[in-house]
Structure formats: structure tokens, C-alpha cells
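The next block holds one structure in the form of C-alpha cells; read it before the comments.
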Amino acid sequence: MTSICWKSAVTWSLLGLMFLLFALMWGPAPALAGSADAVLYEVTEDMYLTVPSPNGVGVSYVTEASQATRRQAMAQLAGYAKFGTPLCPHWVKKIAPKAKSCTVNAKGSDDLSLADGTGTLSGTYAVVVQDNNTEDAPEFVIITGTFSGEANLGPAMSGRAPLGYLTNGVGTIDGYDGAAFKFHGTFRLPFALDESGRRGKPWRDADAYYLDDHFKPFPVKASERSLGMPTVRLEIDFDF
């Protein structure tokens, strides 16, 4: 397994992060128009149902949905960010000249009320690019950080629409105090359509759709599936 020149890569990473800090202070380059700044897909998720503990400290886990008051979930996400955004600064081209975007891997958790679908989310992320090992997906880490925000999955959890929203998002960059960026996003949950046009549960390897901002369906692509299952799509826009 071959690799890139790590010394050179680390040097460019440090210089790039200094440039990123400068950009965050004076204003990053404008994002490309016409689509989200970054799109992440939920590859896996582990969800638990909870109720307040009898002693008032922490929560207790339950198996019956009728007993639960909240849901807690942990997910692995992967996707892409456009160049000119905080998760894909232009200096990345010095490390990966052929890259057309930056790959982003994230680990996140949420804590949502079952009553209205609102709550919080937080996690960590890593920006990775391709090294000389072209047999694997991008894996060389060049930026890491954390994120947090408020989530509203009320439309999806109530059955009104397969949508959710992320607001007041804040991201940080590891190793640089004060380097932060703000963002918001939209969750698009996949669904199937029956012959009468009613939405239903999506199935493995079957046609599936997302709902756009005009409440019109558009197809889930083959690249938006994990082991054949359509994935939850999170579209992120940065607040420049």
C-alpha cells in the first residue's frame, strides 16, 4: 500500500488551516450556487427509546414505543462538501490536485422529543482526501472538528412530510481556538410511492424518492443507497 508524502501533506495542512482561519475572519469564498454546500448520507444508525429515570437523574431505556418520551440515536454519515466552503477550503487542491470536492465523514448523535420531534444533535467530523492508494475510498484526514445544533424532525415523525430541519448549527476546527463556522440544513427522508401516489416505507433495491422544498418527489440515486437501502440525506448550507 503506497502513500503520499506525509511531511509535505502535514505542512500543507497546517498552512491550509491558517488560511482557513483567515478566511473565517474575513469571509470565506462564496459557495457555488444551485445546490447545497455539502450533502451527507446516513450510512448507519442505532436508535434507543428512553424515559426519565425514576430517580430524576439521566434516562432509562425502554422497548415499547408507547412508554417512551424521547429517542436517542447515533449515526455514521458520509458525503461531500464543495470547494470554497469551511469543510473544503481551496488549499486542499495542493494535497489532492484531482479532487473535485472533499469527502466528509461524520459521527453524530441526537436526542429528540417524541411529542414534537425537536431536540439537539452533536458530533465530530473528519475531512478526508484521496492519497496514492487509489484502491480505497478517500481516507487521508486533513481536517477534524466538532459540530452541534438544534434539530426538528417533527414533520417526519408526525407523518406530515418526510422532512426535518437543522438550525443554529455551529462547527469548530480542532487545534484552533475561535475557528468556527455556522450552518443550517435539511433532512430528506426516503420514501416509496404506491400506484395512487401515496407515500410509504422504502424497500431495498426498489424505487425510492426524496421530497424537495416544493413538496415534489425526486428519485433517490443508486449512489444514495447503503447496501441497497435508500439513505437519509442531509443537505447543509453554510451561513457566510
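Any read-out appearing in this document is the output of simple, stated calculations on the displayed coordinates, not a laboratory observation. The model shown is predicted, which means the values in this text are computed figures rather than measured ones. Every residue, glycine as well, gets a Cβ built from its backbone with ideal geometry; the counts of neighbours run over all protein chains shown.
Residue by residue, segment 153-170 carries 3J(HN,Hα) couplings of 9, x, x, 6, 5, 8, x, 6, 6, x, 9, x, 9, 10, 10, 6, x, 9 Hz when phi is fed to the Karplus relation 6.51 cos²θ - 1.76 cosθ + 1.60 (θ = phi - 60°); x denotes Gly or Pro. The K182 and A115 beta-carbon pair, evaluated with R₀ = 25 Å, returns a calculated FRET efficiency of approximately 0.35. Seen from D111, the other residues with C-beta closer than 12 Å to its C-beta sum to a net charge of 0, counting Lys and Arg as +1 and Asp and Glu as -1. In order along segment 114-131, phi translates into HN-Hα couplings of 6, 6, 10, x, 9, x, 10, 9, 6, x, 10, 9, 9, 9, 10, 10, 7, 9 Hz, rounded to whole numbers, per the Karplus curve 6.51 cos²θ - 1.76 cosθ + 1.60 with θ = phi - 60° and x for Gly and Pro. Residues whose amide H falls under 5 Å from that of G84, counting only those 5 or more places apart or on a different chain, are H90, with hydrogens built in the peptide plane.
For the pair T63 and S196, a Förster radius of 25 Å applied to the C-beta separation gives a FRET efficiency near 0.15, rounded to the nearest 0.05.
Quick one: which residues, 5+ away or cross-chain, put their amide H under 5 Å from the amide H of R70? H built at 1.01 Å from N. The list, which skips near neighbours in sequence, is T50, L114. Helix 6-26 and the longest principal axis of the Cα set of the chain meet at an angle near 70°. Of the residues G200, H214, Y125, the one whose Cα sits farthest toward the positive end of the charge dipole of the chain, with +1 on the Cβ of Lys and Arg and -1 on the Cβ of Asp and Glu, is H214.
For segment 134-209, the set of GluC sites (Glu not before Pro) satisfying both a DSSP loop assignment and a count of at most 15 other C-beta atoms within 10 Å is given as E135, E139, E195. Each residue of segment 198-204 was assigned a 3J(HN,Hα) from its phi angle through the Karplus expression (A = 6.51, B = -1.76, C = 1.60, θ = phi - 60°), giving 7, 6, x, 5, x, 10, 4 Hz with x at Gly and Pro.
Among the listed values (i) 46, 36, 36; (ii) 56, 50, 38; (iii) 61, 37, 31, the one matching Cα extents along the principal axes in Å as calculated from this structure is (ii). Applying 1/(1 + (r/R0)^6) with R0 = 30 Å to the Cβ-Cβ distance of D136 and S35 gives a FRET efficiency near 0.65.
Qualifying chymotrypsin sites (Phe, Trp or Tyr not before Pro) in segment 182-223, where qualification requires a DSSP coil assignment and no more than 15 other C-beta atoms within 10 Å, comprise W203, F215.
The alpha carbon centroids of segment 85-104 and segment 112-132 are separated by 21 Å. Annotation for segment 51-141: trypsin sites (Lys or Arg not before Pro) lying in DSSP loop with at most 16 further Cβ atoms inside 10 Å of their Cβ are K98, K100.
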